[in-house]
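Peer 1: Take a look at this one; I'll ask things after.
The values are calculated or read from the model by the stated rules, or taken from the named source; none is laboratory data. The model shown is predicted, which means the values in this text are computed figures rather than measured ones. Neighbour counts are summed over all protein chains in view; Cβ atoms, including those assigned to glycine, are modelled from backbone coordinates with ideal geometry.
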Amino acid sequence: MTVSLPIVSHPEAAAAFTGNSERAHWHDQALWFVRVKRDRMARSLPEWEELRTKAAAIKAHTISRLADYLEQFEREATRRGATVHWAANAAEHNQIVLSILQKHSAAKVAKSKSMLTEECHLNPFLERHGIEVTDTDLGEWIVQLRGESPSHIVLPAIHIKKEEVGELFHRKLGTDAGASDPKYLTEAARQRLRQAFLAADVGITGVNFAIAETGGIVVCTNEGNADLGVSLPKVHIACLGIEKLIPRAQDLGVFTRLLARSATGQPITTYTSHFHGPASGGELHIVLVDNGRSEVLGSDDYRRSLHCIRCGACMNTCPVYRRSGGHSYGATVPGPIGSILNPAQDLKKYATLPYACSLCASCTDVCPVKINLHEQLLTWRRDIASAGALGLGKRLAMKATAFVFRRPWLYAAAGGIGRFALRHLPRWLVYSKLNPWGLQRELPPVPPRSFRAEMKRRQRGPR
Ligand code: SF4
């Protein structure tokens, strides 16, 4: 576990996002809409819970024998003509990709969505070496044009309004000023991206699932951009986190049924593409990346986070993520799962993330592979406190809370004072800018006196 200077303060970044309350509200609603779609889809399958249990069991089994399955995958993939590379960390991953590109004198790359390449910061690395990378997923391309990182692992541009996309395309692509019709903008993007597909020397994709038994890889997209990106160039580089392994081809159906329903509330992704070896006359390079995963594998507390299939459902349901936006996490993977994975990479840098959580456990409830997210977040708080990585303000607040919690009479008195203040303070003060807590809430109206008298009478109980 590396320790570096703290540079991510979730509360500060979140305050910047919630400062624009209209955007924060709209972001919250947009993600809640996806969550509701997911619920509808989950309810439409009577075997939903059975699928989740099966998926969790398959993942637990795979992770417990990961080394064996990785070797089996390498053997089978090699037998089918792929070249398998092993990268211990992000730097090695980037170097391997670069050397393949240089070997083929590649100057242009079409890349489909891959959170692993975001995690390894591949784009800036390749650009520093004179290689032009085009992110061909529409949302990813929008954030790339804005010089930003994705704010969500499935919906990378969910924080951007269509009017802002219209303005961006007007500046970068010359579309009509003020145009924000999604159909028009998508068509403009399609025309421009088509040129990138045609010009690409190499196609890079992520991988959703890698099957040890067959040596095949599976890539799920809704836009077909991964297929287009690797169909024209002769060389396909697939970047794969080692936790993406599943043992057998017959296990795949469990995950594809869960993935799209959990991610966007669709029955299946529009394209589920299988690659078994290179295309005829071409090359398939598979880069297996560790980058801290082995360390997580060795931890009893956090091992289950490696089950993640990156569906994003925990983000869509998280009340903190929905209101604070993905960029407030300052990391490639935000939200509940990001708040577990990132401190494992750099405890001090990401020490505030496990506190970006209300411990409501909604993330655990929706996770298709049954990761105990809220429990792991709580465990991180313990580990961060014992590593001395808590900020002074948080330490003092925790000490004060512990002091109050140990004295029930004080807790009850504090509650009484809070209730009194809520009832008697003028509303303008409760909703004042000086009170960010109140500003974010619809507080219940003060009950009428007769109602309060009735409640008091009930609390006193029967005479
Ligand atoms: S932790 Fe679970 S819900 Fe969150 S992205 Fe991963 S699989 Fe999806």
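Peer 1: Quick check on the range 259-271: of everything there that is free of Cβ contacts under 8 Å to residues at least 60 places away in the same chain and β-branched (V, I, T), which residue is farthest from the ligand (Cβ to nearest atom)?
Peer 2: Per the stated criteria, the residue is T270.
Peer 1: Just give me the residues in the range 46-68 being farther than 17 Å from K370 by Cα and among the hydrophobic types (A, V, I, L, M, F, W, C), in sequence order.
Peer 2: Selection gives L66, A67.
Peer 1: Follow-up. Please go through the range 366-407 and give me each residue that is of a type in the set (S, T, N, Q), surrounded by 15 or more Cβ atoms within 10 Å (Cβ to Cβ) and in a helix (DSSP H, G or I), ordered by number.
Peer 2: Within the range 366-407, Q376, T379 meet the criteria.
Peer 1: Being of a type in the set (D, E, K, R) and within 20 Å of G292 (Cα to Cα) is the filter; apply it to the range 322-370 and report the residue that is farthest from the ligand (Cβ to nearest atom).
Peer 2: K348
Peer 1: Out of the range 286-309, which residues are crowded, with 22+ Cβ neighbours inside 10 Å and either under 15 Å from L240 (Cβ atoms) or more than 16 Å from the ligand (Cβ to nearest atom) (or both)?
Peer 2: Once the filter is applied, which keeps residues that are crowded, with 22+ Cβ neighbours inside 10 Å and either under 15 Å from L240 (Cβ atoms) or more than 16 Å from the ligand (Cβ to nearest atom) (or both), the range 286-309 yields I286, V287, L288, V289, L306, C308, I309.
Peer 1: Checking G277 against (1) at pLDDT below 95; (2) farther than 17 Å from I153 by Cα; (3) not in a helix (DSSP H, G or I), which test does it fail?
Peer 2: Answer for G277: the failing condition is (1).
Peer 1: Across the range 260-275, which residue is farthest from the chain's Cα centre (by Cα) among those that are buried (at least 16 other Cβ atoms within 10 Å of the Cβ) and either closer than 19 Å to E213 by Cβ or among the acidic types (D, E) (or both)?
Peer 2: Here the residue is F275.
Peer 1: Residues that are touching a residue at least 40 places away in the same chain (Cβ under 8 Å), touching a His at 6+ places or on another chain (Cβ under 9 Å) and of a type in the set (V, I, T), at least 1 per element: which helices (runs of 4 or more DSSP H) completely within the range 1-102 meet that?
Peer 2: Counting at least 1 such residues, we get 48-64.
Peer 1: Out of the range 66-88, which residues are surrounded by 14 or more Cβ atoms within 10 Å (Cβ to Cβ) and basic (K, R)?
Peer 2: R80
Peer 1: OK, next. Go through the range 371-382 and give me each residue that's of a type in the set (K, R) and near the ligand (Cβ under 10 Å from one of its atoms).
Peer 2: Residues satisfying the conditions do not exist here.
Peer 1: From L390, L353, L341, grab the single residue that is within 30 Å of S149 (Cβ to Cβ) and at pLDDT below 90.
Peer 2: So the residue among L390, L353, L341 that is within 30 Å of S149 (Cβ to Cβ) and at pLDDT below 90 is L390.
Peer 1: Which one of the conditions (1) touching an Asp or Glu at 6+ places or on another chain (Cβ under 6 Å); (2) within 16 Å of the ligand (Cβ to nearest atom) does R248 fail to meet, given that it meets all the rest?
Peer 2: Only one criterion is unmet by R248, namely (2).
Peer 1: While we're looking at this one, here's another question. Assess whether T256 counts as being touching a strand residue (DSSP E or B) at 6+ places or on another chain (Cβ under 8 Å), touching a residue at least 24 places away in the same chain (Cβ under 8 Å) and either part of a loop (DSSP other than H, G, I, E, B) or within 16 Å of the ligand (Cβ to nearest atom) (or both).
Peer 2: yes
Peer 1: If A385 satisfies all but one of (1) aliphatic (A, V, I, L, M); (2) touching a residue at least 40 places away in the same chain (Cβ under 8 Å); (3) more than 12 Å from the ligand (Cβ to nearest atom), what's the number of the condition it fails?
Peer 2: Tallying (1) aliphatic (A, V, I, L, M); (2) touching a residue at least 40 places away in the same chain (Cβ under 8 Å); (3) more than 12 Å from the ligand (Cβ to nearest atom), A385 fails exactly one: (2).
Peer 1: Can you go through A106, A88 and tell me which one is within 24 Å of I153 (Cβ to Cβ) and of a type in the set (A, V, I, L, M)?
Peer 2: A88
Peer 1: Take the range 266-307 and flag every residue that is farther than 30 Å from R43 by Cα and polar (S, T, N, Q).
Peer 2: Matches in the range 266-307: S280, N291, S294, S299.
Peer 1: Now a separate question. What number of residues within the range 343-365 are crowded, with 24+ Cβ neighbours inside 10 Å and under 30 Å from G253 (Cα atoms)?
Peer 2: Adding up the residues that qualify gives 1.
Peer 1: Tell me, which residue of the range 310-321 that is under 11 Å from the mean Cα position of the chain (by Cα) and not hydrophobic (A, V, I, L, M, F, W, C) is farthest from the ligand (Cβ to nearest atom)?
Peer 2: My answer is Y321.
Peer 1: Now a separate question. How many of the residues in the range 138-183 are under 16 Å from the mean Cα position of the chain (by Cα), buried (at least 19 other Cβ atoms within 10 Å of the Cβ) and not β-branched (V, I, T)?
Peer 2: 9
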